[in-house]
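Report on one structure; see the data block that follows.
The values are calculated or read from the model by the stated rules, or taken from the named source; none is laboratory data. Bear in mind that the values here come from a model prediction, so they are computed numbers and not experimental data. Here the Cβ positions follow ideal geometry from the backbone for every residue, glycine too, while neighbour counts run over all protein chains shown.
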Amino acid sequence: MQMIGFAAVGLCLFAGMSKGDYGKLELIQFLGGAFVFYLGHFIRSRGNFSA
């Protein structure tokens, strides 16, 4: 999940730089990618507990 989120954010940044401006699609892609990245981080950290 983290790699998918990281890739989505990277594609968003690349698209914005190539067009010279960031639109609503890039904003949604950036926020969605960040959410997926941190969700994956949260799930991964919750699964690595030792009891």
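Below is a table of values for the structure above.
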item	result
When residues of the range 4-22 are limited to those that are under 8 Å from the mean Cα position of the chain (by Cα) and among the hydrophobic types (A, V, I, L, M, F, W, C), the one modelled with the lowest pLDDT	Phe6
Boolean, Phe6 is in contact with a helix residue (DSSP H, G or I) (Cβ under 8 Å, 6 or more places away or on another chain), of a type in the set (Phe, Trp, Tyr) and part of a helix (DSSP H, G or I)	yes
Any hit, the range 32-49, residues being assigned to a helix (DSSP H, G or I), loosely packed, with under 12 Cβ neighbours inside 10 Å, of a type in the set (Lys, Arg) and at pLDDT below 80	no
